[in-house]
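Below: one structure, written as structure tokens.
We did not get these values from a lab; they are worked out from the coordinates using the rules stated. Quick caveat, the model's predicted, so the values are computed rather than measured. As a convention, Cβ positions derive from the backbone with ideal geometry for all residues, glycine included, and neighbour counts pool all protein chains shown.
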Amino acid sequence: MAASNTPGLIVLRRYVGSIGALLAALSVALYLYASQDVAGPGTAAMLQAAGFGFAHGVALAALAPLAQRPVALLGLGLLLAGVVMYCGGALAQVVLAMAAGVALPIGAALAITGWLLYAYDRLKV
């Protein structure tokens, strides 16, 4: 049985794709909320988190069905974790008035690493 057809990978691809679509939907809602300028000085951070989440949510939804090997799914998982950390840290700064600390740079680094792993997998024959 090919690695791309194992039941675990099929289910994982479906979950990653659906989580990506949910992330995109939540990002649209966040953008609409932030565009009302209710956050005051934190509006820019909320808009940035919404844009980051939307772009990566759409990417996850589109790329998950193409992930045929575990390395690609690992890359998409790191991408998802990075987006959650980055957007969560940005929203925590605005909504909860918390310092994001290392959440933003670690989230960005995880997202970059996820993209690089996915690119590496796509180059493999």
- Note on the structure: Residues TYR118, TYR15, TYR86 in order from fewest to most other beta-carbon atoms within 10 Å are TYR15, TYR118, TYR86
- Message: Give me the extension gain from ALA109 to LYS124: residue separation times 0.36 nm, minus the current Cα-Cα distance, reported in nm with one decimal.
- Response: 3.1 nm
- When only C-alpha pairs under 8 Å and at least 6 residues apart count, what is the relative contact order of the chain, in percent? 27
